Amino acid sequence: MIALACLFAVGSAWYAFRGHSGGLSLYDVWFKFLPASLNWLQRYLWTSVWNGLYVILIMPAWFVVGVVGLLCVGLGRKTVE
């Protein structure tokens, strides 16, 4: 997941280099690959839950995936005795 976050960061830098404002959000990535599922969630999910999820989706993709990756690494560590 951390490697994927690095790829998203490179993609965001590429968009910034090309002059596109806003970078690459998680919403953009999801809509690019599965637009029907995103529309279905928006339609059938409770409005308050969708608004909370939308706040996360409009963040940069590299940040969201990086935080999830770091959480997985931190929670997956074994304690050394």
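Starting from the Cα gyration tensor of region 1-51, take the square roots of the eigenvalues, sort them a ≥ b ≥ c, and report rounded, prolate or oblate (rounded when a/c is under 1.5, otherwise prolate if a/b is larger than b/c, else oblate). Since a/c reaches 1.5 and a/b is larger than b/c, the shape of region 1-51 is classed as prolate. Dividing the mean sequence gap of close Cα pairs (under 8 Å, 6+ apart) by how many residues the chain holds gives a relative contact order of 47 percent. Packing-based ranking of 44-57, 62-75 yields 62-75, 44-57, ordered from highest to lowest mean Cβ neighbour count within 10 Å. With the simple spin-label model, which puts each label point 7 Å out from Cα in the Cβ direction, the residue 55 to residue 17 separation comes to 3.4 nm.
I need the shape label for region 10-81. Rule: rounded when a/c is under 1.5, else prolate if a/b > b/c, else oblate, with a, b, c from the alpha carbon gyration tensor. Oblate is the answer for region 10-81, as a/c is 1.5 or above yet b/c matches or exceeds a/b. From its DSSP helices (H runs of at least four residues, each -39,500 (n - 2.57)), the chain gives a residue-normalised ellipticity at 222 nm of -24000 deg cm²/dmol. What a 1.4 Å probe finds exposed on region 33-81 is 70% carbon and sulfur by accessible area, rounded to a whole percent. With protein chains left intact and a 1.4 Å probe, residues in the chain average 79 Å² of accessible area per residue. Once the chain from residue 3 to residue 46 is taken as fully extended at 0.36 nm per residue, the excess over their C-alpha distance is 12.2 nm.
The values are calculated or read from the model by the stated rules, or taken from the named source; none is laboratory data. Only a predicted model underlies this, so the values are computations on that prediction, with no experimental measurement involved. Quick reminder, even Gly has a Cβ in these numbers, built from the backbone with ideal geometry, and neighbours come from all protein chains shown. Surface accessibility is based on the protein's heavy atoms, side chains included, excluding ligands, DNA and RNA. Shrake-Rupley method; radii C 1.70, N 1.55, O 1.52, S 1.80 Å.
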